[in-house]
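Some notes on the structure that comes next.
Read-outs throughout are calculated quantities, based only on the coordinates presented, and are distinct from any laboratory measurement. Predicted, not measured: the structure shown is a model, and the values here were computed from it. Glycine also receives a Cβ, built like all others from the backbone with ideal geometry; neighbour counts cover every protein chain displayed.
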């Protein structure tokens, strides 16, 4: 299961007009320029820009560099977005972890699950560009694999939270249904803003009640007969 998106159809302009004048970094400051480029990309996404419409031209303009200055650090948009995906997923995971850590000491496992799901939905609704980058359609951006990724860690945390609420059930299987339900809430509320949606908190409680609290217990594995 991938928790990423595909930008294979994004083209990177080759010949671009000069961007706004920017102070040249001193020799050896390539790492700083790389950060400037990534920060410019993340800023565009945070402001609502779609990953599918980003180009090296727009990134270069936001970073106050020329497009050729990007190539020593990133081979193209796929490579740049791949690096941004990794960083944004780490930040996304920290947001959800922070919501859980902010709970009072006497909180229940269900309180934590609700906090994580709520933080997920709020992230998607308040940061649509970043959310599309992480959870849009298709395969991984720039070939970012799921295994051992920040995205895998985010899902593993969800499984752990679900299992704490229902230790008798299939935590992974429930989380694999709960996550698409969360994704659906975000997309529907964002794309169908004119619908008279109930409060988000009410929807989240209904989803958790139905998919987690109401989940059937896991069936014990049948043992092979002894010969």
Item to check | Spatial separation of Cα centroids for segment 82-107 and segment 157-227, in angstrom | outcome: 19 Å
Checklist entry - When only C-alpha pairs under 8 Å and at least 6 residues apart count, what is the relative contact order of segment 78-213, in percent? => result 30 percent
Checklist entry - How would you order 78-87, 33-42 from highest to lowest mean count of nearby Cβ atoms within 10 Å? => result 78-87, 33-42
Item to check | Global form of segment 78-213, assessed from the alpha-carbon gyration tensor, a/c cut-off 1.5 | outcome: oblate
Next on the checklist: Could you order the peptides 49-58, 127-136 from most to least packed, using the average number of other C-beta atoms within 10 Å per residue?
Outcome noted: 127-136, 49-58
Checklist entry - Tell me, what is the FRET efficiency for residue 219 and residue 177 to the nearest 0.05, using R0 = 25 angstrom and their Cβ-Cβ distance as r? => result 0.90
Item to check | FRET efficiency for residue 53 and residue 107, using Cβ-Cβ distance with R0 set to 45 Å, rounded to 0.05 | outcome: 0.65
Checklist entry - Which of the peptides 149-159, 102-112 is most tightly packed, and how do the rest follow, going by the mean number of other Cβ atoms within 10 Å of each residue? => result 149-159, 102-112
